[in-house]
Each structure stands twice: as C-alpha cells, then as structure tokens.
Amino acid sequence: MILYILVIVVWALLSLVAMAITALIDLLVGGGERRLTLWLSYVVARMVYRLSPAWKVRIEGRENFPADGRPYVITANHQSFFDIPLMFFIPPRNGFNFVSKVEVRKIPAIGWMLGLRNDIVIQRGTTKAAAAVMEQGTKHLKGGTSVVIFPEGTRSKDGQVHLFKEGAFRLAQECGVDIVPCVLDGTPNLLTKRGLKRSILTLRILPTIKAEQFEGQNPREVAQRVQQLTAEALADLRERVKQPSSK
C-alpha cells in the first residue's frame, strides 16, 4: 500500500501542474467552461484505480448515457470519498462539474484540483448552499457542461440509499435538462490496516429520465422516484454478487 500511495502522490503532483497549465489555457481561450481542464481531470482521476493492483472497475449501462453531447444533471448514491474518482468513468462527452462541500476543497491536491476544474463548492447546512447550487449549476448547464450531484448530501454510513434532497431535481427542472441516475457500489473500506482491499467497484448508469417526464412535478416527488430507482438498482447489484457464492 505504501508504494501505491507514493505513486499516487507523485501522480497527483504532476497532474496538478498539468491541470494548472490547462486551466490557464482555458481562461486565455475564453468561455466560461474549462473544457481542456475537465478532459484532463478524467485521465487524472481514472488513474486512482488503474494504478491499483487490488481494485477493478466495472461499468454497466454505458449504452444508457446519452451520446448527443447535451448537458445533464447526473445523480448518484454516496458511500465513500472514492465515489468521486469512480464517477470519472462516465463517458466524457462535454465533461461535468461536481457539487461538493467546502471541506473537500481543503484536502491537499484533491481540493486544488476541484478549484482548477471550477467545481461548485457549498457550505452544507447553510441557507446559501441551495442558492449556490442553483446559480452556479445553471451557469454550467447553460454553458453545456453537466452537473454531478450526490442527492443524499453526505456519505451513507451503512451503505444503503438514504433520503434524496430536492436540489438536484429542482435544478434539472428549472434548466429543462434530463436526469441521468447512476449507482455506485464497492467504494467503502478500500484502504485497511493491512493494505489495499481487493475489490470490484461498480458504476451502473441507469436509463435517462427525460425532462418532459417530470416537467411540472413537485421536486420532492421526482427526488423520491430517483431515490427508489437508485435503491432498487443497488439492491440488484448486491444480490447478483451474492448469487455465485450461494450455488
């Protein structure tokens, strides 16, 4: 594990330099969206798993991710910090920006990368948080960049899907964009005292929910619907893992 951490640290430092250069190019070229930096961050984040000898990533439902290049609100359940690099296995298209809490911005390297990507940072639990999601999320979506939100608002301590907050779905409604629900599993407890835990991490992309399907609905109802779809898909993933060992 020590060797892996050293490799990741070196990779992160080199990546920060490269992303700082691309962010500067993006600013000089003009336009509000940092396309080059977002593209580079896909390469950087995926290496967290590709450099690991113990972790394998499985992607399901690639065909469900729209290929038209339009922006979307992308949702996912949240179990671990490692959910963030796993989301970068979504097809790049025009890239996406995260909504993350301000505490993440304080993490060395990771926080700096979020800043270079121009992700949306909020102070969770404050009255300004919802307004920031709406204002900055709308700006990114209108600029053609998708927005990734973990609607639970925090990591699940028991691995189950908990209450989805309304913000992601209100944003999708007001901007008239589709919702792409995703399901993540396998990310908790990847680092143990003994080293790297051998794990298969799964990202399942669910069918897109078209904007016209929830137009005019109460955002709370939309949140409940997507929460249910996410919970059912997560249960299906885990049941399938159990089946081989039960034979």
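The values are calculated or read from the model by the stated rules, or taken from the named source; none is laboratory data. Everything numeric in this text was worked out from a predicted model, so none of it was measured. Every residue, glycine among them, receives a Cβ derived from its backbone with ideal geometry; neighbour counts consider all protein chains shown. Keep in mind that these areas ignore ligands, DNA and RNA; they rest on the heavy atoms of the full protein, side chains included. Shrake-Rupley method; radii C 1.70, N 1.55, O 1.52, S 1.80 Å.
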Fill in the blank from the handout: Among the residues of region 159-185, the number that are part of a loop (DSSP other than H, G, I, E, B), within 23 Å of Arg238 (Cα to Cα) and modelled with pLDDT of 95 or more is 5
Exercise for the section: Spot the failing condition for Phe81; the list is (1) surrounded by 20 or more Cβ atoms within 10 Å (Cβ to Cβ); (2) aromatic (Phe, Trp, Tyr); (3) in contact (Cβ under 8 Å) with a residue 60 or more places away in the chain, and only one is missed. Expected result: (1)
Exercise for the section: Those residues that are hydroxyl-bearing (Ser, Thr, Tyr) and at pLDDT 90 or above, I need them from region 119-153; list them, please. Expected result: Thr138, Thr145, Ser146
Handout entry: Breaking point among (1) closer than 17 Å to Leu234 by Cβ; (2) open to solvent by 20 Å² or more (accessible area, probe 1.4 Å); (3) not polar (S, T, N, Q), for Leu86
Key = (2)
Handout entry: So Thr154, is it free of Cβ contacts under 8 Å to residues at least 12 places away in the same chain, hydroxyl-bearing (Ser, Thr, Tyr), out of contact with any Phe, Trp or Tyr (no Cβ under 9 Å at 6 or more places or on another chain) and surrounded by fewer than 13 Cβ atoms within 10 Å (Cβ to Cβ)
Key = no
Handout entry: Check on Pro108, part of a loop (DSSP other than H, G, I, E, B) and either closer than 24 Å to Ala12 by Cα or hydroxyl-bearing (Ser, Thr, Tyr) (or both)
Key = yes
